[in-house]
Amino acid sequence: PENRAAIVRCAQPLVGITGKKSEADEKLFTEIQKANGGQKGVSMLDARPWANAVANKGRKGGYEKLDNYVGSDATLLFLNIDNIHVMRNSLYGMHALIRSNQTSGPVDRADINETGWPAYVGRVLGGGATIVREIEEKARTCVVHCSDGWDRTAQLAAVPALCMEPYYRTKDGFRVLCQREWNSFGHKFRDRTYGFQKRHERSPIFF
């Protein structure tokens, strides 16, 4: 409330390989910057690895071209958080590792690291910490997205909220946060958590 910097969330821009522009999108960014009380600019935080964002151009997606946002103090940072399939395989690796060592002593830390799980969790927490610094120390509004805006984007909206607002660390506040940042924006809890017949949709995003 002191600087009116905000967390704004969306999905990837539909620029495609031809680099399409959207006047409405650019105008919206101008209004987002105006809403920041100190006019400190906008930090665009793309959850994906850069290579993944580039590949999405072939599917009509992509990432922001800063030159299109004239008059805005905008930056773009890729947070290198992998997709649901990499996360799922990493957790499966952790499960296999723990099961294989149930009767043979402690799990070796190097084997844990090899699954990638600590690194993936670290990137989500690191992305959250980046957003906290941008908002609290630099008073910059953060625009956060992944590809579709309902998995990694929910993580990156919820983690800094937990860090900056004690209310969300209460039982009632956590319920509000889950409703707002996960349910309301269409996180696919049923597919991600249980998978049913869609094993390829399972992923420990909320976990």
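The values are calculated or read from the model by the stated rules, or taken from the named source; none is laboratory data. On a predicted model such as this, the values are computed, not experimentally measured, just so you know. All Cβ positions, even for glycine, are placed from backbone atoms using ideal geometry, and neighbour counts span all protein chains on display. Note: accessible area is taken over every heavy atom of the protein model, side chains too, but ligands, DNA and RNA are not part of it. Shrake-Rupley method; radii C 1.70, N 1.55, O 1.52, S 1.80 Å.
Values for this structure:
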| read-out | value |
| --- | --- |
| Candidates 122, 116, 105, filtered to the one that is without any contact (Cβ under 8 Å) to a residue 40 or more places away in the chain, on the phi > 0 side of the Ramachandran plot and open to solvent by 30 Å² or more (accessible area, probe 1.4 Å) | 105 |
| Within region 65-99, considering residues that are within 23 Å of residue 54 (Cα to Cα) and basic (Lys, Arg), the one least open to solvent (accessible area, probe 1.4 Å) | 88 |
| Pick from region 8-50, criterion open to solvent by 60 Å² or more (accessible area, probe 1.4 Å) and outside any loop (DSSP other than H, G, I, E, B), ranking: farthest from residue 156 (Cα to Cα) | 23 |
| Extreme residue, least open to solvent (accessible area, probe 1.4 Å), among residues of region 139-193 that are farther than 22 Å from residue 79 by Cβ and either polar (S, T, N, Q) or assigned to a strand (DSSP E or B) (or both) | 170 |
| Pick from region 194-205, criterion without any contact (Cβ under 8 Å) to a residue 24 or more places away in the chain and not in a helix (DSSP H, G or I), ranking: nearest to residue 162 (Cα to Cα) | 195 |
| The one condition in (1) assigned to a loop (DSSP other than H, G, I, E, B); (2) over 29 Å from residue 161 (Cβ atoms) that residue 55 fails to fulfil | (1) |
